[in-house]
Each structure stands twice: as C-alpha cells, then as structure tokens.
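Just below is one structure, and these are the notes that go with it.
The values are calculated or read from the model by the stated rules, or taken from the named source; none is laboratory data. Keep in mind the model is a prediction, meaning the values are calculated, not measured. Don't worry about glycine lacking a Cβ; one is built from the backbone with ideal geometry, like all the others, and counts go over all protein chains shown. Remember, those area values only see protein heavy atoms, side chains included, never the ligands or the DNA or RNA. Shrake-Rupley method; radii C 1.70, N 1.55, O 1.52, S 1.80 Å.
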Amino acid sequence: MAAAIMSATALTSCKSKSKEESKQDLIAAIEHYNIDPVDTTGKAPLGSPDVNEILCHYPELYHATENVQKLYAKWTEAEQNMVSVAFVGKNKARNAKAKKVQEKFTKHLDERSISHMLDFVLLGDDKLNAAEWTANEPTSDLYLAIMSSIADGMAENAEHASTDDMRSAVGYARRAWKEYLDGLQKMIDVVPETTRARYIKAVNDAVRQHHIDLLNRYYNYYETETPGWLLPYDATDDAIQEFTFDAFHDRDWIE
C-alpha cells in the first residue's frame, strides 16, 4: 500500500505552486484510496496547520513523524545538557548569560526538528535532483573529539562538573543525535515520492548545520558575543576542515 500511495503523488507542474496548491495536490493524490484520516483528538499538531493537515491524510507518514519527533525531543534535551555541563559549566556569571539567551538557543534547535523540515518538504516547490545521504561519521567523530578535549581526572567543583560527568553528557548527546538522524533517514520510505528529493536536502542541510554548530561549540547561544571567526553555515568544505575553535580560555577543564 505504501508504494502505491507514494507513486500516486507523482504530480508534475510547469509553473510554481503556492503552498496551498502543494497541499491540495498531496491531499488529492491520497483521497481516492479512501484511507481514513488520522484521529488527532487530544493530540498536539505535529507541524504548521498546513503540514498537519497533510499528515492527517497520510497515516504512515503521520505516525513516523510522531515517532521521529520523540527522538528529536530526546536529542535536544541531551544536546542542551551537553552545552550546559561541558561548555558553560557551573560558574554563576556564565550561567546567567546562558539563561538570557536560552529562548534563542531553544528556537535555534527547533530548526533541526522534523516538524520544521516538513514545511519545506511538503509545501515547497523546489525541483531537486536525487542525492545521497550525508554521512554521520564526521559529526560522530566530532563529538568524540569534544569528549577527548575535556581534561582528565577532574573532580566536581564550583566551576565545573567532574570529568566523567562532562564526558558522559557529550556521549549521551552523541548517541541521541545518531538515533534521531537514523530515524530521519528511515522515514524516507513513507515520504511522498514527489517530495523525497526535498526531504533528503532538508535532512542533509540539518546534518551540515549541526556539524558547524558543534565546531562552533554553540558559542553564541550561551555567550553575549559572537566572534567573527565562528564558522558561518555557508562555510566551504576547506574552511570546515581547517577550522580551529578559539575560545574557552577562561575554562580550565576543556581545550
């Protein structure tokens, strides 16, 4: 059934479509299969109103999105804990600055959510060529590099947690990211066929931007300054390869 549903969405157009037209095309492509819409009674929306309306007509996609969003929530909790424990530390002044920009940080991480991606995927009109998934290994290795940059044998004190606790926080974030990314990539099987190229792009963009965030140690999401040397999202591959993080001079527990 899933294959039939996906092939049913092979719609073409010679002109740019509005979001409303894209939404109606996807809904029309599935309606003649007489599949009961998802009962969302008592459930929070999984995306914008237009995205949620589409999802309700595609039960497999709806439930996959629901499950992947849970993995996203698990990752963001672990990621924010990593930043707090390993990068910010326990110093009251640093924590006060981080608290001031917490909303900005949370909103930034929301841009990596499946709900955020689906606006571009389901309502966009970009005609893209199929692409391969971006590998997770460089990002996974970066988490390990961050773990190894934490000084050995440090006990908890007023400035920082213990070495074990800090490395554990990074390790949990690394594992949660992998689980979230695995879920995102597996979800391709239930994404409407005409939107799959956009879906792969959205996920690949999220992987690249997350990698850059880690290289930057999310610095501008708990400090009041934004150094010019931080990597931008449009950084070249060479710039990413050559980048060296140049801060944390006031934190004796991490390089």
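One table, with the values for the structure above:
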read-out	value
Top of N52, N91, N220 by mean-square fluctuation, Gaussian network on the chain, Cα under 10 Å	N91
FRET E, pair E255, N129, Förster distance 45 Å, beta-carbon r, rounded to 0.05	0.65
Cross-link table K74/K201; K107/K127; K43/K104; K70/K100; K99/K201; K17/K99, entries beyond 30 Å C-alpha to C-alpha	K99/K201; K17/K99
By accessible area with a 1.4 Å probe, ligands and nucleic acids excluded, highest first: order of K186, K17	K186, K17
List H108, H249, ordered by accessible area with a 1.4 Å probe, largest first	H249, H108
For I254, distant residues with modelled amide H under 5 Å away	A151
Accessible area of W133 in the full protein assembly, 1.4 Å probe (Å², nearest 10)	80
The stretch 85-152 shape via C-alpha gyration tensor axes, a/c threshold 1.5	oblate
Whether the stretch 24-159 is rounded, prolate or oblate, judged on the alpha carbon gyration tensor where a/c under 1.5 counts as rounded	prolate
Relative contact order (%) - the chain, alpha-carbon pairs under 8 angstrom, separation at least six	27
Selected from S148, T226, V170, residue furthest toward positive end of dipole (the stretch 111-255; charges at beta carbon)	V170
Rounded to the nearest 10 Å², the accessible area of H116 at probe 1.4 Å	90
Interchain or long-range residues, amide H under 5 Å from N136's placed H	none
Per-selection Rg to Rh, the chain - Cα, Kirkwood hydrodynamic radius	1.04
Whole-Hz couplings from phi, Karplus 6.51/-1.76/1.60, listed for the stretch 203-215; x for Gly and Pro	5, 4, 4, 5, 4, 5, 5, 5, 4, 5, 4, 5, 4
Nearest-20 debye value, the chain charge dipole, Cβ charges on Lys, Arg, Asp, Glu	460
For the stretch 18-30, Karplus couplings with θ = phi - 60° (6.51, -1.76, 1.60), whole Hz, Gly/Pro x	7, 4, 5, 5, 4, 4, 5, 4, 5, 5, 5, 5, 9
Top of Y172, Y233, Y72 by mean-square fluctuation, Gaussian network on the chain, Cα under 10 Å	Y233
Expected 222 nm ellipticity per residue - DSSP helices of 4 or more, -39500 (n - 2.57), all of the chain, to 500	-17500 deg cm²/dmol
Heavy-atom SASA rank of K127, K201 (probe 1.4 Å, accessible area, largest first)	K127, K201
Simple spin-label estimate for K70 and R175 in nanometres, 7 Å along Cα-Cβ	1.8
T194 - accessible surface, heavy atoms, 1.4 Å probe, Å² rounded to 10	50
Gain upon complete extension [K17, A235; 0.36 nm per residue less C-alpha separation]	75.4 nm
